[in-house]
Amino acid sequence: MSGRRRPLGFWDLTLYAVGMGLSIRWLSYAAAAGPASLPMWLAAVVGFMIPLVIATAELVGRFPGEGGLYGWARETLGPFAGFITGWLYWTSNLPFFSGLLYFILNTLAAAAGPRATRALADPWLFAALASSLAVLVGLLHWQGLGTGKWLTSFGSIAAGLLMASLLLVGLAVALASGPATDMARASYAPPLTADGAALWAIMVFAYGGPEALAFLREDVQGGVRQILRVLALVGVLVFVAYVAGSLAMLSILKPTDASRLAGLPDAFAIGLTRLHLGGLARLPPLLLGLAMLGSYSAWFGVAARLPFAIGVDRYFPAVFAKRDPRTGAPTTAILVQVVAVVALVILGQAGASVKSAYDFLVSMSVVSYTLPFVFLFLAYFQVRGAAPSGVWVAPGGAVGRRVFALAGLAVTLSAIACTLVPSPDATDKVAAVTKLIVSSIALIAIGWAIYLRAARRPALA
């Protein structure tokens, strides 16, 4: 590892962190909630993101290796907790990848025009295109982060251009005809409804991503110190982007006119029309699709580091611990991820009986994505002893560390509870909640079985 060139400089890592940490599509949910979303963004950054950044900054320095939150939980809470943390974090990403491909292709089709949108209605054409895109991203990362970073960097630049465009359109509309939302008379109280619960969970986990930088520590020029700089910079950028983007959306349209699914394209279409620039309406969906493609590439590259780390510990077959000696790419993990994503894409386009299995797999990822943050903050709380020389520590030392850990844990648990609140659109609310709980238990049980089987092998005894 030490002889391999580290491909990520400061700006490479910054763009990579933006690709993982900034998801512009959540602005539609914030706009639909109205000005009440603004204090919720602030509460989420104080209660979740700041503790998460602080925990990541200290833990990445205290514990060497590329395992990230898997290694942190293993070293502080024990091997089983570490394995389950890594297992849930990795497997929750696989359905997320297939869903993100669906979003990317439909957004790019909207930018291309009605003919492309109609063509994608063919489920097998969609499956072929999505599978091809998954294979392409996998091939890029097969060549190492020195190659895979470019798609992420390109997507993050597209996200920056899209955000800047949104702010400019929102400001121009407000100056030309006044903001669509009356901010002075609006209510800023968080909505105590099922929609409000869903929004809180989305806002909390919209700030997720800083913890994933730890998986890249062996690929970063400057190592841990560089990661700390990027954590601080991107943390501020993401918070400002979410708040400013929400304000721009509300400047263009009223909350009652904001769709949680199509709110961002609608806002651009309305704003550009008011500014007599309707001919540019296809550009924002194009930038959004490219931004999400960059995000997909970023998370794909990071996620492959987890099964590699678990393979090194022999809880996964030893073949997972193999990497290209020249590029450092975890080739087996990348191949497995590509196959799994393609399989999920095909399942998602299959008949009703098979698609129900796909829906169950997707539901597994809803709660399972949130649980690793519980282990992360518990691991941070369990850290004992003085930090090695040169390691950044939380303000207040041991007391401060526990305060931040407990704050992050409390907010994480509140967000998990909110994911269990059934949507008002659900026809059978009890069945919807039961499905989430059962699917999460099933995923944990599968991980437990894999762990027990591996732990019984003589090499791990």
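Kindly indicate whether LEU145 is surrounded by fewer than 21 Cβ atoms within 10 Å (Cβ to Cβ) and on the phi < 0 side of the Ramachandran plot. When the stated conditions are applied, LEU145 does not pass them.
Is it the case that the range 412-420 has a residue that's at pLDDT 90 or above and open to solvent by less than 60 Å² (accessible area, probe 1.4 Å)? Among the residues of the range 412-420, at least one is at pLDDT 90 or above and open to solvent by less than 60 Å² (accessible area, probe 1.4 Å), which makes the answer yes.
Entry remark, the range 23-43: residues being modelled with pLDDT under 90 and open to solvent by 10 Å² or more (accessible area, probe 1.4 Å) number 6 in total.
Do we find a residue being outside any helix (DSSP H, G or I) and either of a type outside the set (Lys, Arg) or open to solvent by 30 Å² or more (accessible area, probe 1.4 Å) (or both) anywhere in the range 224-244?
So far as the range 224-244 goes, no, none of its residues is outside any helix (DSSP H, G or I) and either of a type outside the set (Lys, Arg) or open to solvent by 30 Å² or more (accessible area, probe 1.4 Å) (or both).
In this structure, LEU161 does not satisfy being surrounded by 22 or more Cβ atoms within 10 Å (Cβ to Cβ), within 30 Å of ARG274 (Cα to Cα), at pLDDT 90 or above and not small (Gly, Ala, Ser). Residues in the range 175-217 that are buried (at least 16 other Cβ atoms within 10 Å of the Cβ), farther than 27 Å from MET40 by Cα and out of contact with any Ser or Thr (no Cβ under 9 Å at 6 or more places or on another chain): PHE215, LEU216, ARG217. Does the range 440-461 hold any residues that are part of a helix (DSSP H, G or I), modelled with pLDDT of 75 or more and not β-branched (Val, Ile, Thr), and which are they? Answer for the range 440-461, where residues must be part of a helix (DSSP H, G or I), modelled with pLDDT of 75 or more and not β-branched (Val, Ile, Thr): SER440, ALA442, LEU443, ALA445, GLY447, TRP448, ALA449, TYR451, LEU452, ARG453, ALA454, ALA455.
Checking each residue in the range 113-132 for being buried (at least 16 other Cβ atoms within 10 Å of the Cβ) and without any contact (Cβ under 8 Å) to a residue 60 or more places away in the chain picks out LEU120, LEU129.
Selection of first residues in the range 270-286 that are closer than 20 Å to THR117 by Cα and of a type outside the set (A, V, I, L, M, F, W, C) and of second residues that are open to solvent by less than 80 Å² (accessible area, probe 1.4 Å) and modelled with pLDDT of 85 or more, restricted to Cβ pairs under 7 Å at least 6 apart or on distinct chains, gives the following pairs, ordered by first then second residue: GLY278/LEU272; ARG282/ALA111; PRO284/LEU162; PRO284/SER165; PRO284/PHE268; PRO285/THR107; PRO285/ALA111. Does VAL46 qualify as being surrounded by fewer than 21 Cβ atoms within 10 Å (Cβ to Cβ) and among the β-branched types (Val, Ile, Thr)? When the stated conditions are applied, VAL46 passes them.
Can you say whether GLY196 is of a type outside the set (Lys, Arg), within 25 Å of ILE104 (Cα to Cα), assigned to a helix (DSSP H, G or I) and touching a residue at least 12 places away in the same chain (Cβ under 8 Å), as far as the supplied structure shows? No: the conditions fail for GLY196. Comparison of VAL354, VAL339 shows that the only residue that is over 20 Å from the mean Cα position of the chain (by Cα), at pLDDT 90 or above and either under 19 Å from LEU145 (Cβ atoms) or hydrophobic (A, V, I, L, M, F, W, C) (or both) is VAL339. In the range 248-259, of all residues being assigned to a helix (DSSP H, G or I) and surrounded by fewer than 23 Cβ atoms within 10 Å (Cβ to Cβ), the one that is modelled with the highest pLDDT corresponds to PRO255.
Could you say which residue among LEU13, LEU8 is touching a strand residue (DSSP E or B) at 6+ places or on another chain (Cβ under 7 Å) and modelled with pLDDT under 90?
Of the residues listed, the single one that is touching a strand residue (DSSP E or B) at 6+ places or on another chain (Cβ under 7 Å) and modelled with pLDDT under 90 is LEU8.
Being among the small types (Gly, Ala, Ser) and not in a helix (DSSP H, G or I) is the filter here, so list the residues in the range 309-349 that pass it. Listed by number, the residues that qualify are GLY328, ALA329. Out of the residues in the range 374-397 that are over 9 Å from ALA55 (Cβ atoms) and of a type in the set (Gly, Ala, Ser), which is surrounded by the most Cβ atoms within 10 Å (Cβ to Cβ)? Per the criteria, the residue is ALA387.
Considering each residue of the range 398-408, count those that are under 24 Å from the mean Cα position of the chain (by Cα) and open to solvent by 30 Å² or more (accessible area, probe 1.4 Å), and give that number.
Going through the range 398-408 one residue at a time, the tally reaches 3.
So which of GLU66, GLU58 ends up being at pLDDT 90 or above, among the acidic types (Asp, Glu) and either out of contact with any Asp or Glu (no Cβ under 6 Å at 6 or more places or on another chain) or open to solvent by 10 Å² or more (accessible area, probe 1.4 Å) (or both)?
GLU58
For beta carbons closer than 6 Å, sequence separation of 6+ or different chains, a first residue in the range 202-219 that is assigned to a helix (DSSP H, G or I) and a second that is basic (Lys, Arg), the qualifying pairs are PHE215/ARG305; ASP219/ARG6.
The residues on offer are ALA134, ALA128, and the sole one that is at pLDDT 85 or above and under 23 Å from the mean Cα position of the chain (by Cα) is ALA134.
The values are calculated or read from the model by the stated rules, or taken from the named source; none is laboratory data. Everything numeric in this text was worked out from a predicted model, so none of it was measured. Methodologically, a virtual Cβ is constructed for each residue, glycine included, from the backbone with ideal geometry; neighbour enumeration extends over all protein chains shown. Only protein heavy atoms, including side chains, enter the accessible area calculation; ligands, DNA and RNA are left aside. Shrake-Rupley method; radii C 1.70, N 1.55, O 1.52, S 1.80 Å.
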